[in-house]
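Working notes, beginning with the structure itself.
Quick note: the coordinates plus some simple rules give every number you see, no bench work behind them. Everything numeric here is computed off the predicted structure, so don't read it as measured data. Please note: Cβ atoms are built from the backbone with ideal geometry, for glycine as well, and neighbour counts cover all protein chains shown.
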Amino acid sequence: MSRAWLAVFAAVILLPLAVRHAIASEIWIFAIFGLGLNLLLGYTGLLSFGQSTFFGSAGYVSGYLLKHYGINVFAALGIGVLVGAVSAALVGYLCVQRSGLYFIMLTFALNQMFYFIAYQWTTVTGGEDGMPGIGRPVLLGVDFRQPLAYYIFVALLFLVSLWVMKRIVESPLGKILQAIRENEVRAQAVGYDGARLKLLAFVIGGAFSGLAGVLYAMLFGIVPLEAIGFVFSGNVVFATLIGGSGSLYGPIVGSFVFIWLSESVSVVWARWPLLLGVAFVIVVIFFRGGCVEAWARFWSWRERRRMATRLAS
Amino acid sequence: MRELTRRDVLKLGAVGAVGTTGGLGFPAVVRGQAKEVVMLGIWPFTGAFADVGPILDRGMKMALEERGMKILGKPIKYVTRDSATQAGASTRRVEEAVDGEGAKFVIGPWSSGVALAVSEVAKRKKVLHYFSGGTEDISGARCHRYSFQWAASPYTAAKTDVDTFMKANPKAKRWHLLVADYAFGWSVEKYIKEVGKTHGIEFVGADRHPLGEREFSNYVTKAAGNKPDVVAMVNFGLDAVTAAREIFNFGLTPKIPLIMAWSSGVEELVQLSPENRENIWVGSNFYYTAETSVAREFARDYQAKFGNPPGYAPAAAYGMTRMLLHGFDRAKSTEVPDVIKALEGIEVNDLVGRMRVDAKTHQTLRPFFFMRCKPKAAMKNPMDFADIIATGDTPLPAAYAACKDIGSF
């Protein structure tokens, strides 16, 4: 097993000892959300500013079914993944027709459309008040209302998601997506259907977002309107960039930094988003690969210094 | 990337663990000491209403400092959390403050949608929650034993607005409404129409605009086309300010009167020029010239401290905290169920006058203010925006009450 996986396992085990279970759960949920975005942003080179469309839609649909029909947890998750994928297919089909700025604007605009549907459809979504009262049903004798039980459930799903995403990005599909990122025209010239593959990346990313959306709804017992809003879409882009969009583990680091900053620093200092802003500027200017790149550079610098001292002596 | 050695991973793990569990970690299991009373202000310090958070905080702090940060001989520990005007973040942070800090009394937040999420947490965690804002649901459809509403019922507001205005302008029978398109707007609109019937008002138009609208010209031309005697707006904050400016720019005001049915008062009026404000009539939950001794002292102290008169936001935070403290006094206990029982039916003369908490719905029955803006020449100072011309406190008739059962603990 690689060291990165060891670190992830260690984090999964240590995190609930250091922070409250709800926050620890949220970090992994946000990481799943980030993994989905990263397939688009980091591996396919598509900046989607509308990921909350899939996150929120899945939350609303599964939340509604959990609330009114008390469906099984796995059914809720399955439906959430499906809703995420289907909504991503719809949105993605329109978006991949264009590229660059127009692509970004389309993801944003369609996100706004979904947002206003949720905002206006108060009888179902609760509009501005959100959809509260979503339970966490007992499954196989495990009471998910126990924060630790739910944390373990979320952490396991996160590990599975990470494994699946690793398989995807290391598969031929992952390599082709990276080829599209590097040079779409050339990838098409070799015979790959760029639009179709980008749509596939969208659908996979949407499925991950959907899973995260349902877990989020169950975690807080509510689907708030902002879960489908553009700020939420922005947050996940932000977290992924800070963590490092080119790396599989970037969104995980980003999710940790983002949630941890917002939860611990906000208590001490109300204007904490300033810190995020500064962090973002530093990342954009000095470490385009985010925290992961900063870390790698730090190690190589240390290594070089060690070699230099060894040579000198 | 250099290959990490086993030693590196261990070092990294150790540093991480120390960092997170040490000074930078969360107060995971530290509970408030039993002898102190922990109160939480959940205010928007970031996000859509980041400007309001700090002044809400001021109001609550002032009410607590008046008591020397003590209640029934016990020290009060006042903690705040950032609501970020996000239901998810607020839910999480209130839960964290209840579990981690031992907070038992929660006041806030600012936005109605977020308040309902916080109210759910209060119910689940069995802590007392006081809120002031436009939603009817806290003391209506989603009422429960732990949440209280400080702002007047939208019915009380509509009744005060329409009755008082019609008394001053009995011939103004053609009304055009401009309503923010969400739950709060709809309920005030419903009651304005209901009360309007008793005055024979004809509603020549009712337009709804989305929250956060910044371009009102089409709404204003439509309103002008209806040739109303009055334009009445049910919106809040920057929406109301932007619309009022546009209505003035199109030459509707001051020729015809404009009613801001549910305004925050000072915070909105200060953003309009004296010319804009001419012939504007304002309904609000608070205005700093209220003729009560508490309001006078509060306005004086607030002005001395911060250099401007208090608007609705700090007044609401201040007023809610005072009501809560009255509850403690009456209960002679700092236990949540005791304070709730004491608040139910409590009657005090406080910030806005005679205030009573309806035990059946947890609605604070209190006066609502109706003001008329002053012409520039009559203003004694730049902050002298309006005269209070009436207050009204007609409670919501039982027929409309959506809170059928407040429930048990």
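Around B:Ala115, under 13 Å between beta carbons, what's the net of Lys plus Arg minus Asp minus Glu among the other residues?
On the way: positive: B:Lys123, B:Arg142; negative: A:Glu128, A:Asp129, B:Glu120, B:Glu136, B:Asp137.
Net local charge, B:Ala115 excluded: -3.
Of A:Gln97, A:Phe74, A:Leu39, which is farthest towards the positive pole of the protein assembly as shown's charge dipole, taken about the Cα centre with +1 and -1 on the beta-carbons of Lys, Arg and Asp, Glu respectively?
A:Leu39
I'd like the FRET efficiency for A:Trp301 and B:Glu275, computed as 1/(1 + (r/R0)^6) with the beta carbon distance as r and R0 of 45 Å, rounded to 0.05. Please list the in-between numbers first.
Working: r = 64 Å, r/R0 = 1.41.
FRET efficiency, A:Trp301 to B:Glu275: 0.10.
Let's see if you can work this out: charge +1 on each Lys and Arg Cβ, -1 on each Asp and Glu Cβ, no other charges. What is the dipole magnitude of chain B about its Cα centre, in debye to the nearest 20? Walk me through the numbers before you get to the answer.
Numbers: 53 positive and 45 negative charges, 127 e Å.
Rounded to the nearest 20 debye, it is 620 debye.
Could you please rank B:Ser119, A:Ser264, placing first whichever residue has the fewest other Cβ atoms within 10 Å of its Cβ? Walk me through the intermediate numbers first.
Numbers: B:Ser119 26, A:Ser264 18.
Ascending Cβ contact count within 10 Å gives the list A:Ser264, B:Ser119.
Express the relative contact order of the range B:250-406 as a whole percentage, based on alpha carbon pairs under 8 Å and six or more residues apart in sequence.
Values: 250 pairs, mean separation 36.6, N = 157.
Computed over the range B:250-406, the figure is 23 percent.
Hey, what D do you get for chain B in µm²/s if you plug the Kirkwood alpha-carbon radius into Stokes-Einstein at 25 °C and 0.890 mPa s? Walk me through the numbers before you get to the answer.
Details: Rh = 22.4 Å.
So the translational diffusion coefficient is about 110 µm²/s.
Rg to Rh ratio, the range A:84-131, alpha-carbon atoms and Kirkwood radius?
On the way: Rg = 12.8 Å, Rh = 11.7 Å.
Reported Rg/Rh (Cα atoms, Kirkwood Rh): 1.09.
Mind checking the mean number of beta-carbon atoms from other chains within 10 Å of the Cβ atoms in B:89-96?
Values: counts 7, 3, 8, 10, 6, 0, 5, 6.
The mean count of partner-chain Cβ atoms within 10 Å per residue comes to 6.
Local charge sum around A:Pro132 (other residues, Cβ-Cβ under 15 Å, Lys/Arg +1, Asp/Glu -1)? Don't skip to the answer; put the middle values down first.
Numbers: positive: A:Lys67, A:Arg136, B:Arg92, B:Lys123, B:Arg124, B:Lys125, B:Arg142; negative: A:Glu128, A:Asp129, A:Glu226, B:Glu95, B:Glu120, B:Asp137.
Residues near A:Pro132 contribute +1 overall.
Using the 4.7 Å Cβ rule, please list in number order the cysteines from the protein assembly as shown without any candidate partner.
Cys with no partner Cβ under 4.7 Å: A:Cys95, A:Cys291, B:Cys373.
Could you estimate the translational diffusion coefficient of the protein assembly as shown from the Stokes-Einstein equation, with Rh from the Kirkwood formula over C-alpha pairs, at 20 °C and 1.002 mPa s, in whole µm²/s?
On the way: Rh = 27.4 Å.
So the translational diffusion coefficient is about 78 µm²/s.
For peptide A:3-14, compute the average count of partner chain beta-carbon atoms within 10 Å of each residue's beta-carbon. List each step's numbers first, then the result.
Values: counts 7, 3, 0, 5, 5, 0, 0, 6, 4, 0, 0, 5.
Shielding by partners across A:3-14 averages 3.
Per residue, what volume in Å³ does the convex hull of the Cα atoms of the range A:7-80 enclose? Mind showing how you got there, number by number?
Numbers: hull volume 8.9 nm³, N = 74.
Residue-normalised Cα hull volume stands at 121 Å³.
What ranking of B:Trp175, A:Trp269, B:Trp262 emerges when the number of other C-beta atoms within 10 Å of each C-beta is taken as an exposure proxy, fewest first?
Numbers: B:Trp175 25, A:Trp269 13, B:Trp262 28.
Least to most surrounded, the residues fall as A:Trp269, B:Trp175, B:Trp262.
Quick check: from the Cα gyration tensor, does the range B:124-182 come out rounded (a/c under 1.5), prolate or oblate? Spell out each step's value before the answer.
On the way: a/c = 4.40, a/b = 2.66, b/c = 1.65.
Cα axes put the range B:124-182 in the prolate bin.
Only four residue types carry charge here, +1 at the Cβ of Lys and Arg and -1 at the Cβ of Asp and Glu. Report the dipole size of chain A about the Cα centre in Debye, rounded to the nearest 20.
Working: 21 positive and 12 negative charges, 219 e Å.
The dipole magnitude comes to about 1060 debye.
If you build the convex hull over the alpha carbons only and average its shadow over all orientations, what do you get for the range A:212-252? Give it in nm² to one decimal.
On the way: hull surface 12.5 nm².
Taking a quarter of the hull surface, the average projection is 3.1 nm².
Hey, what did the range A:179-313 get for relative contact order, percent, Cα under 8 Å, at least 6 apart? Working shown, then result.
Values: 86 pairs, mean separation 23.5, N = 135.
Relative contact order here is 17 percent.
Near the amide H of B:Val106, under 5 Å away, which other amide H atoms are found, from residues 5 or more places off or on another chain, if H is placed in the peptide plane?
It is B:Leu40, B:Leu128, B:His129, B:Tyr130, by chain and number.
Under the classification rounded if a/c is under 1.5, otherwise prolate if a/b is larger than b/c and oblate if not, where does the range A:225-313 fall, given a ≥ b ≥ c as square roots of the Cα gyration tensor eigenvalues? Walk me through the numbers before you get to the answer.
Values: a/c = 3.15, a/b = 2.16, b/c = 1.46.
Cα axes put the range A:225-313 in the prolate bin.
What's the exposure ranking of A:Leu94, A:Leu66, A:Leu15, going from fewest to most Cβ atoms within 10 Å? Don't skip to the answer; put the middle values down first.
Values: A:Leu94 14, A:Leu66 26, A:Leu15 22.
Least crowded to most crowded, the residues run A:Leu94, A:Leu15, A:Leu66.
Test of understanding: express the Cα radius of gyration of the range A:3-269 as a ratio to 2.2 N^0.38 Å, with N the residue count.
On the way: Rg = 17.8 Å, N = 267, 2.2 N^0.38 = 18.4 Å.
Expressed relative to 2.2 N^0.38 Å, the Cα Rg reads 0.97.
Going highest first, how would you order B:53-65, A:184-196, A:212-224, B:342-354 by mean Cβ packing within 10 Å?
Numbers: B:53-65: 21.5, A:184-196: 12.8, A:212-224: 29.2, B:342-354: 17.5.
Descending packing order for the listed peptides: A:212-224, B:53-65, B:342-354, A:184-196.
Tell me which of B:Pro337, B:Gly59, B:Trp150 sits at the most positive position along the dipole axis of chain B, charges placed on C-beta atoms (Lys, Arg +1; Asp, Glu -1).
B:Pro337
For the range B:170-181, take each phi angle, set θ = phi - 60°, evaluate the Karplus expression 6.51 cos²θ - 1.76 cosθ + 1.60, and give the result in whole Hz per residue in order, putting x for glycine and proline.
Per residue, the Karplus-derived 3J(HN,Hα) values read x, 8, 7, 9, 9, 10, 10, 9, 10, 10, 5, 7 Hz.
Filter B:Lys167/B:Lys360; B:Lys61/B:Lys193; A:Lys67/B:Lys126 down to the pairs with a C-alpha to C-alpha distance above 27 Å, please. Don't jump to the answer; show the numbers that get you there.
Numbers: B:Lys167/B:Lys360 32 Å; B:Lys61/B:Lys193 39 Å; A:Lys67/B:Lys126 22 Å.
Check vs 27 Å cut-off fails for B:Lys167/B:Lys360; B:Lys61/B:Lys193.
What are the extents of the Cα atoms of the range B:28-182 along their three principal axes, in Å, largest first?
Extents along the principal axes, in whole Å: 63, 33, 31.
Put +1 on the Cβ of every Lys and Arg and -1 on every Asp and Glu Cβ in the range A:3-269; which of A:Phe208, A:Trp121, A:Ala187 then has its Cα farthest towards the positive end of the dipole?
Ranked along the dipole, the leading option is A:Ala187.
Order B:125-131, A:200-206, B:166-172 from most to least packed using the mean count of other Cβ atoms within 10 Å. Can you show the working numbers first?
Details: B:125-131: 22.7, A:200-206: 26.1, B:166-172: 13.1.
The packing order, highest mean first, is A:200-206, B:125-131, B:166-172.
Peptide A:122-132: average number of partner chain Cβ atoms within 10 Å per residue?
Details: counts 3, 0, 0, 0, 5, 5, 12, 14, 9, 1, 9.
Rounded to a whole number, the mean comes out at 5.
Tell me whether the range A:60-218 comes out rounded, prolate or oblate; compute the Cα gyration tensor, take square roots of the eigenvalues as a ≥ b ≥ c, and use a/c under 1.5 as the rounded threshold.
Values: a/c = 3.20, a/b = 1.52, b/c = 2.11.
It comes out oblate by the Cα gyration axes.
Given a cut-off of under 8 Å on Cα pairs at least six residues apart, what relative contact order in percent is computed for chain A? If you can, show how the numbers build up before the last one.
On the way: 483 pairs, mean separation 97.5, N = 313.
Contact order relative to length: 31 percent.
What percent of all Cα-Cα pairs in the range A:41-120 falls in each 10 Å bin, counting up from 0?
All Cα pairs considered, the percentages come to 19, 44, 27, 10, 1.
Translational diffusion coefficient of the range B:214-344 at 37 °C, 0.692 mPa s, Stokes-Einstein with Kirkwood Rh over Cα pairs, in µm²/s as a whole number.
Details: Rh = 16.9 Å.
In µm²/s, the coefficient is 194.
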